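The values are calculated or read from the model by the stated rules, or taken from the named source; none is laboratory data. All of these numbers come straight from a predicted model, not from anything done at the bench. So basically every Cβ, Gly included, is an ideal-geometry build from the backbone, and we count neighbours across all protein chains shown. SASA here: full protein model, heavy atoms, side chains in, ligands and nucleic acids out. Shrake-Rupley method; radii C 1.70, N 1.55, O 1.52, S 1.80 Å.
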Amino acid sequence: MEIKPEIIEKIKLLDQKYAAMGQDLTSYLDGLLYADYLTYWDYVHLDTLLSLQTPRTSFPDENIFIMYHQITELYFKLSLHELKQIGNQEKPNAAFTTARLHRVNNYFKNLTHSFAIMIDGMEREQFLKFRMSLLPASGFQSGQYRMVEICSTDFIQLVAKDIRENYRNKNASIEEMFEHIYWKEGATELSSGKKTLTLKQFENKYSVTLTKLAHEFKTKNIWAIYKSLSAEEQKDEKLINELKWLDVNVNINWPLVHYKSAARYLQKNPEDIAATGGTNWQKYLPPRFQKRIFYPELWTATEIEEWGKSWVEDLLGSKV
Ligand code: HEM
């Protein structure tokens, strides 16, 4: 059999590649000879993926609830992958940052759109029953959701809004700010005013990881990267648009659809909630109360004042 010149060329290149690492090409060719062909199901670990749904009850709709959470976590992972690529650029530039932010915006746009799977994709009666078997677990405990926030903005922006400016003025450490992080307000029992078990579990698992990440991203979160660009690049309209969309997607649009599903399934009068040891989610979840804003410098005082109300879509159009 005649060996084509392209193949000889490739073998020479391979030989150089392995020689550079002190490796013997012949052994690697043996490996190639004996290796099985790759299959789709092995590559994406399909059997493992499809075995990860273990409902706690026999209500069929619980499967939807589990899988949609898993889908969301994968989108969060995709988002983090891009946010980290932006943070790790050797020489940050506007074009790369814009392109990668656009991807994150697409992921969140998809999540916002697909939330209908929660809002009207399960029977309320089934949901209200199976959720009781899941206590005290809550999407509130999503570590990746908090990681997306930490990678997106200066940590001070995640301090509870009423004391944020005090902590900004005194140049507080990450640890001090972490004590007053906004999400603690969503995990206090209405009846006793104490930390919920949901929060205690979350803190046990994630406090160390999240404070470490906050230190790591102090100089490479998206806002820090933006501010490190040249004055000219900071004026790039496409980049500013993506930043504003990230703010809107993560801090308004997704929280609003999520809140809609909480309202659809859980709306009761406040006394009933307090009596069952519930949280104050009606006062906590709506973006206009949380006023979590990644990039306040990019918004006007009125836009900040009106945060979470209907101005956003009108202002930015629906392009991103
Ligand atoms: C029927 C669907 C859902 C309902 C009724 C619901 C309800 C709630 C409620 C009441 C809270 C407030 C904390 C608590 O009391 O536990 C919460 C927080 C949260 N949930 Fe959900 N949730 C739903 C779906 C999801 C999904 C699919 C995700 C995706 C991971 C998710 C992620 C979160 C996150 C990240 C928080 C914290 C939000 C914040 O701190 O601002 N939830 N949810």
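Can you name the residue in the stretch 41-99 that is among the acidic types (Asp, Glu) and closer than 21 Å to ALA214 by Cα and is also nearest to the ligand (Cβ to nearest atom) among such residues? Filtering the stretch 41-99 for residues that are among the acidic types (Asp, Glu) and closer than 21 Å to ALA214 by Cα, the one nearest to the ligand (Cβ to nearest atom) comes out as GLU73. In the stretch 41-57, the residues that are closer than 15 Å to TYR68 by Cα never reach a residue that is of a type outside the set (S, T, N, Q) and open to solvent by 90 Å² or more (accessible area, probe 1.4 Å) with C-beta atoms less than 9 angstrom apart, at least six apart or across chains. Taking residues in the stretch 14-35 that are at pLDDT 95 or above, and partners anywhere that are open to solvent by less than 100 Å² (accessible area, probe 1.4 Å) and assigned to a loop (DSSP other than H, G, I, E, B), the pairs with Cβ atoms closer than 8 Å and at least 6 places apart or on different chains are TYR18/ASP24. The residues in the stretch 112-126 that are open to solvent by less than 40 Å² (accessible area, probe 1.4 Å) and either farther than 21 Å from TRP254 by Cα or more than 8 Å from the ligand (Cβ to nearest atom) (or both) can be counted, and the count is 4.
Is it true that some residue in the stretch 206-216 is charged (D, E, K, R) and more than 16 Å from the ligand (Cβ to nearest atom)? Yes, the conditions are met somewhere in the stretch 206-216.
In the stretch 129-136, the condition of being touching a helix residue (DSSP H, G or I) at 6+ places or on another chain (Cβ under 7 Å) and open to solvent by 50 Å² or more (accessible area, probe 1.4 Å) is met by no residue.
Restricting attention to the stretch 96-111, the residues that are open to solvent by 10 Å² or more (accessible area, probe 1.4 Å) and more than 13 Å from TYR68 (Cβ to Cβ) add up to 9. Scanning the stretch 177-189 for residues that are in a helix (DSSP H, G or I) and either buried (at least 18 other Cβ atoms within 10 Å of the Cβ) or on the phi > 0 side of the Ramachandran plot (or both) yields MET177, PHE178, TYR182, GLY186. The set of residues in the stretch 137-176 being in contact (Cβ under 8 Å) with a residue 24 or more places away in the chain, more than 30 Å from GLU62 (Cβ to Cβ) and open to solvent by 40 Å² or more (accessible area, probe 1.4 Å) consists of ASP154, LYS161, GLU175.
Filtering PHE59, PHE76 for residues that are on the phi < 0 side of the Ramachandran plot and open to solvent by less than 30 Å² (accessible area, probe 1.4 Å) leaves a single hit, PHE76. When we screen ALA94, ALA99 for residues that are in contact (Cβ under 8 Å) with a residue 24 or more places away in the chain and of a type in the set (A, V, I, L, M), the only hit is ALA94.
Considering each residue of the stretch 190-206 in turn, none proves to be over 18 Å from the mean Cα position of the chain (by Cα), under 16 Å from THR98 (Cα atoms), assigned to a helix (DSSP H, G or I) and not β-branched (Val, Ile, Thr).
Take the residues in the stretch 207-227 that are closer than 16 Å to PHE294 by Cβ and in a helix (DSSP H, G or I), then tell me which one is farthest from the chain's Cα centre (by Cα). Per the stated criteria, the residue is LYS227.
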